[in-house]
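Below is one structure; the comments refer to it alone.
Bear in mind that the values in this text are calculations on the coordinates, not laboratory data. Only a predicted model underlies this, so the values are computations on that prediction, with no experimental measurement involved. Glycine also receives a Cβ, built like all others from the backbone with ideal geometry; neighbour counts cover every protein chain displayed.
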Amino acid sequence: MDKSISLPFRDAAKEMQALQDTIYVLGGKWRIPIINAICNGNKRFKEIERAIPGITTRMLSRELKDMELNKIITRKVYAETPVLIEYESTDYCLTFAPIISAMIEWGANHKRKLRGK
């Protein structure tokens, strides 16, 4: 049985660089859950925080800033009293949606496999 994976590059160095770039932008414990929370309609800081069990306020703040710098999300500030801040996924972020869906499906299948179902 052939266990190779079909990848878009033929150059191993380019493949590795592309993989490292992806991991740099989306890696870590919190970024994909943050994207998922925002794409599921959570736009305000506290909504995002409540949607992700275990994330700290400090970590969420740091991750949101970094994701904004990488053009994964946008931060909109509304001049109200009190100030209203909302986060939204960018069109660029949405290109990652099929991969997140595949990861969710893979994770559910993996759990079933481990349980022998």
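Each peptide in 50-57, 67-74 receives the mean, over its residues, of other Cβ atoms within 10 Å, and ordering these scores from highest gives 67-74, 50-57.
Please say if region 1-94 is rounded, prolate or oblate, where rounded means a/c under 1.5 for a ≥ b ≥ c the square roots of the C-alpha gyration tensor eigenvalues, and otherwise the choice is prolate for a/b larger than b/c and oblate otherwise?
prolate
If R0 is taken as 41 Å, the Cβ-Cβ distance between residue 110 and residue 81 corresponds to a FRET efficiency of 0.30. Among the listed pairs 29/65; 43/111; 29/76; 46/111; 43/113, a Cα-Cα separation exceeding 23 Å is found for 43/111; 29/76; 46/111; 43/113. Against the main long axis of the alpha-carbon atoms of the chain, helix 12-26 sits at an angle near 30°. Under the criterion of Cα pairs below 8 Å and six or more residues apart, the relative contact order for the chain equals 19 percent.
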